[in-house]
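The values are calculated or read from the model by the stated rules, or taken from the named source; none is laboratory data. These numbers come from a predicted model, not from an experiment. Glycine gets a Cβ as well: all are built from the backbone with ideal geometry, and neighbour counts include every protein chain shown.
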Amino acid sequence: MNQNENTLKKFYTAFANADAVTMSECYSPNIKFRDPAFGLLKGNEVSQMWKMLLENSKGNLKIEFSDIESNEYIGSAKWIATYNFSKTNRPVVNVITSQFHFQDGLIIKHIDDFDIWKWSKQALGITGFLFGWTGFLQTKIQEKAILSLKKYQENIK
């Protein structure tokens, strides 16, 4: 296992253990993160997002990871998050593929990809089923995710 694979294993092991501090240690200060729910986040926003998500899960989050691969510059992993969505308490099983870029043994770019329609059907029920495939609802999901992160950031200042 190379240094970057070790970094990914450390990151996901910390995630599975709800350890946001150790997750953050795997990131470069210049981290750029993107996913379908939050869009683009940079720097400290990324660590705060993970911390917020872990706190909101109240211990009801199971993380399973596999297929960690990397070379000197790029890497990938697959992971599954099983939890109850905090806004609706509906059960979600989200299958995610991740792509990474590394610099000096730290993650400098992290892209998570998952089926937002499949996620919205689970998290939002009939609304997600009917409208989760639309750009309109996907934009609303992202706006609400960003708003929840901004509120969280205000409360920790």
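Could you give me the residue pairs with C-beta distances under 8 Å whose first residue belongs to region 35-49 and is of a type in the set (D, E), whose second residue is assigned to a loop (DSSP other than H, G, I, E, B) and modelled with pLDDT of 95 or more wherever it lies, and which are 6+ apart or on separate chains?
Filtered contacts from region 35-49: D35/F114.
Answer yes or no as to whether S98 is part of a strand (DSSP E or B) and loosely packed, with under 14 Cβ neighbours inside 10 Å. Break it down into steps so the answer makes sense when it comes.
Values: part of a strand (DSSP E or B): yes; loosely packed, with under 14 Cβ neighbours inside 10 Å: no.
So S98 fails the test.
Does G59 meet the test of being loosely packed, with under 13 Cβ neighbours inside 10 Å, in contact (Cβ under 8 Å) with a residue 40 or more places away in the chain and out of contact with any His (no Cβ under 6 Å at 6 or more places or on another chain)?
Details: loosely packed, with under 13 Cβ neighbours inside 10 Å: yes; in contact (Cβ under 8 Å) with a residue 40 or more places away in the chain: yes; out of contact with any His (no Cβ under 6 Å at 6 or more places or on another chain): yes.
Yes: the conditions hold for G59.
Filter region 116-136 down to the residues that are in a helix (DSSP H, G or I) and closer than 15 Å to N89 by Cα and list them by number. Break it down stepwise before answering.
At the first step, the residues of region 116-136 found to be in a helix (DSSP H, G or I) are 116-124, 126-131, 135-136.
Selection gives W119, S120, K121, Q122, A123, L124, I126, T127, G128.
Take the residues in region 24-47 that are under 11 Å from the mean Cα position of the chain (by Cα) and not aliphatic (A, V, I, L, M); name whichever of them is nearest to K109 (Cα to Cα).
Checked region 24-47; the qualifying residue nearest to K109 (Cα to Cα) is F33.
State the number of residues belonging to region 1-14 that are surrounded by 15 or more Cβ atoms within 10 Å (Cβ to Cβ) and touching a residue at least 60 places away in the same chain (Cβ under 8 Å).
Residues in region 1-14 being surrounded by 15 or more Cβ atoms within 10 Å (Cβ to Cβ) and touching a residue at least 60 places away in the same chain (Cβ under 8 Å): 6 in total.
Just one of E25, E69 is modelled with pLDDT of 95 or more and closer than 20 Å to F114 by Cα; which is it? Reasoning before the result, please.
On the way: E25 fails: closer than 20 Å to F114 by Cα.
Testing whether each residue is modelled with pLDDT of 95 or more and closer than 20 Å to F114 by Cα leaves just E69.
Taking only pairs six or more apart or across chains, which ones have beta-carbon atoms under 8 Å, a first residue in region 63-74 that is over 22 Å from A18 (Cα atoms), and a second residue that is part of a loop (DSSP other than H, G, I, E, B)?
S70/N2; N71/N2; E72/N2
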